Amino acid sequence: QVQLVESGGGLVQAGGSLRLSCAVSGRTFSWAAMGWFRQAPGKDRELVAAIAFITGSTRYADSVKGRFTISRDNVKNTIYLRMNSLQPEDTAVYCCAAGSLLTSRPAPDEFDSWGQGTQVTVSS
């Protein structure tokens, strides 16, 4: 079975930084796209950033452009999300996901496999 395991979440002050990691094991060769989504209590799951695993092409939510950076390590089968200038509204459970393609406006239903998530809490 495919596993996606996130790590790196935690509690930070507003203005601080975190780097999330998502390690993928099992079946990975058919995946072309990976992404980070987040969900806060009472809110819908939303895109944070996504990346084409082979080419490195990226997509970002408008709310995180200039603050967050998604990257991948093709050898380690790992994606990362560097989050700078964190704000309280960034507080959420962050999940990584894998899918078969990367569209111009990635949506959650385009991704097939999901991790369990890691909590990010930003205090003011």
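Being among the small types (G, A, S) and over 12 Å from the mean Cα position of the chain (by Cα) holds for only one residue in S71, S63, and it is S63.
Residue check: S30 meets all listed conditions (1) modelled with pLDDT of 95 or more; (2) surrounded by fewer than 13 Cβ atoms within 10 Å (Cβ to Cβ) but one, namely (1). Among the residues of the range 6-27, those that are at pLDDT below 95, surrounded by fewer than 19 Cβ atoms within 10 Å (Cβ to Cβ), at negative phi and in contact with a strand residue (DSSP E or B) (Cβ under 7 Å, 6 or more places away or on another chain) comprise A23, S25. Out of the range 35-49, which residues are out of contact with any Ser or Thr (no Cβ under 7 Å at 6 or more places or on another chain) and surrounded by 12 or more Cβ atoms within 10 Å (Cβ to Cβ)? Within the range 35-49, G35, W36, F37, R38, Q39, R45, E46, L47, V48 meet the criteria.
Which residue is most open to solvent (accessible area, probe 1.4 Å), if the candidates are limited to the range 50-66 and must be in a loop (DSSP other than H, G, I, E, B) and β-branched (V, I, T)? Looking at residues that are in a loop (DSSP other than H, G, I, E, B) and β-branched (V, I, T), I get I54.
Scanning the range 67-91 for residues that are modelled with pLDDT under 95 and open to solvent by 50 Å² or more (accessible area, probe 1.4 Å) yields a count of 4.
The values are calculated or read from the model by the stated rules, or taken from the named source; none is laboratory data. Remember, predicted model here, so these are calculated numbers, not experimental data. Cβ coordinates were reconstructed from backbone atoms using ideal geometry, including for glycine residues, and neighbour counts include every protein chain displayed. Just so you know, the surface numbers come from the protein's heavy atoms only, side chains and all, with ligands and any DNA or RNA stripped out. Shrake-Rupley method; radii C 1.70, N 1.55, O 1.52, S 1.80 Å.
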